[in-house]
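Working notes for the structure below.
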Amino acid sequence: MIYPSEPPYAHGTIEKTAILLVNLGTPDAPTAQAVKPYLKQFLSDSRVVEIPRLVWWFILNGVILNVRPKKSAAKYASIWMSEGSPLKVHTERQVKLLLGYLGERQRDVPLVVDYAMRYGNPSIPGVLAKLKAQNCQRILLVPLYPQYAASATATAFDAVMSELLKQRNMPALRTIKHFHDYPGYIKASAQNILDDWMTHGRPEHLVMSFHGVPRYTLDKGDPYHCECLKTGRLIAEALGLKAAQYTVSFQSRFGRAEWIKPYTTTTLKELGKKKTKRVDVVCPGFVADCLETLEEIAMEGKHDFQQAGGGEYHYIPCLNERSDWMHALTDLVVENLQGWLQKPDSVQLEQARLRALALGAKK
């Protein structure tokens, strides 16, 4: 492999530290034409679909990509915001707030905060190129998935590390694996629910729905299921709920294989059949609202529950830009930046530049 040249460098230049938030991704527009390449990239990831490549290639290209883009586009159109995809809009807002909160705490420390999507835009390769151009010699990678899963967190790690392998001068890299039991995240999640209840009253039952994964991933050692259950338990304890007052369930089942249970759809239908007067649903595994929360849970979930005989259905939004959540994320980032938060010494930088010039450096 021939490694590319690095950007022009001048001795004495301040080195920066980057905080790179990574989320799942979104198509560029709510159209079949935009959704198709996004789905192809997403469903071609071997960590997302663990089926022999040749078999899956025919299924994906012969069936799924000819049928699903149009259906998915209609769902995206139903939740699209004036500024764009909800996931992208909320992530961009989180970046701005995080940069502001970090600036208040770490004055004069050269920090860059940016985000990338694992699938779609802004792409990980593109954002890493931006960070290199800004002389970011240290990167803290923060996948915005509270619970670790190989099909989410690990694939973000894969994409970043794969891109760094192509660089001649690689930055130092740190990663945050998960924050499913991080006190600030749990507290903000519980308070988010309490604040909603203060406005709309309490439900008869609370459902905490997490993204689902195939059952075999649990059997093979993926900790995701356990981390979701712990998150649900800690939030329930913070709310003072008894076991009979809440359910942890899993959504977005795809294909015929068994996935981790209980399924959210089944849970809502069962609660509806019991004539539950009101159910509230919240998605603690997502820190920003997206297609899965706004369409699948808020819309389809309501239909499943009420068609089965249930009463009032209420979706509680994700953490999004809540102040307590953004402060918790700031705390998490600062804790993982220890040793990287030194203020640059202008005198030392100038002395280093002069020594380099004296030794023959051009600049």
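The residue list Gly301, Gly272, Gly310 contains one member that is in contact with a Leu (Cβ under 9 Å, 6 or more places away or on another chain) and farther than 24 Å from Lys71 by Cβ, which is Gly310. Across the stretch 166-177, not a single residue is classified as touching a residue at least 24 places away in the same chain (Cβ under 8 Å), assigned to a helix (DSSP H, G or I), touching a strand residue (DSSP E or B) at 6+ places or on another chain (Cβ under 7 Å) and surrounded by fewer than 21 Cβ atoms within 10 Å (Cβ to Cβ). Taking the conditions (1) closer than 21 Å to Asp289 by Cβ; (2) surrounded by 14 or more Cβ atoms within 10 Å (Cβ to Cβ); (3) touching a residue at least 60 places away in the same chain (Cβ under 8 Å) in turn, Leu102 satisfies each one other than (1). Each residue in the stretch 17-33 was checked for being surrounded by fewer than 19 Cβ atoms within 10 Å (Cβ to Cβ) and not in a loop (DSSP other than H, G, I, E, B), and 2 pass. Within the stretch 285-323, being closer than 19 Å to Pro183 by Cβ and surrounded by fewer than 17 Cβ atoms within 10 Å (Cβ to Cβ) holds for one residue alone: Ser323. Scanning the stretch 328-343 for residues that are of a type outside the set (Lys, Arg) and either surrounded by fewer than 15 Cβ atoms within 10 Å (Cβ to Cβ) or not in a helix (DSSP H, G or I) (or both) gives Glu335, Leu337, Gln338, Gly339, Trp340, Leu341, Gln342.
For the stretch 334-345, state whether one or more residues are under 24 Å from Lys88 (Cα atoms) and either of a type outside the set (D, E, K, R) or in the same structural domain as Val89 (by TED's automatic domain parsing) (or both). Looking for residues that are under 24 Å from Lys88 (Cα atoms) and either of a type outside the set (D, E, K, R) or in the same structural domain as Val89 (by TED's automatic domain parsing) (or both), one finds at least one in the stretch 334-345, hence yes. Only a single criterion out of (1) within 24 Å of Ser46 (Cα to Cα); (2) at pLDDT below 95; (3) basic (Lys, Arg) is not satisfied by Arg168, namely (1).
Given the structure, is Thr293 out of contact with any Lys or Arg (no Cβ under 7 Å at 6 or more places or on another chain), of a type in the set (S, T, N, Q) and either more than 20 Å from Ile79 (Cα to Cα) or free of Cβ contacts under 8 Å to residues at least 24 places away in the same chain (or both)? No. Sub-7 Å Cβ pairs linking a first residue in the stretch 197-211 that is assigned by TED's automatic domain parsing to the domain that holds Thr264 and outside any strand (DSSP E or B) to a second residue that is at pLDDT 95 or above and among the basic types (Lys, Arg), at least 6 apart or interchain, are Pro203/Arg278; Glu204/Lys277; Glu204/Arg278, ordered by first then second residue. Applying the condition of being in contact with a helix residue (DSSP H, G or I) (Cβ under 6 Å, 6 or more places away or on another chain) and over 30 Å from Lys275 (Cα atoms) to the stretch 183-214 and asking which residue is surrounded by the fewest Cβ atoms within 10 Å (Cβ to Cβ) yields Gly184.
Search the stretch 40-55 for residues being over 15 Å from Ser151 (Cβ atoms) and in a helix (DSSP H, G or I), and hand back the single one that is modelled with the highest pLDDT.
Residue satisfying both the conditions and the ranking: Lys40.
The values are calculated or read from the model by the stated rules, or taken from the named source; none is laboratory data. Just so it is clear, the model here is predicted, and its values are computed rather than measured. Heads up, the Cβs are rebuilt from the backbone with ideal geometry, glycines too, and the neighbour counts pull from every protein chain shown.
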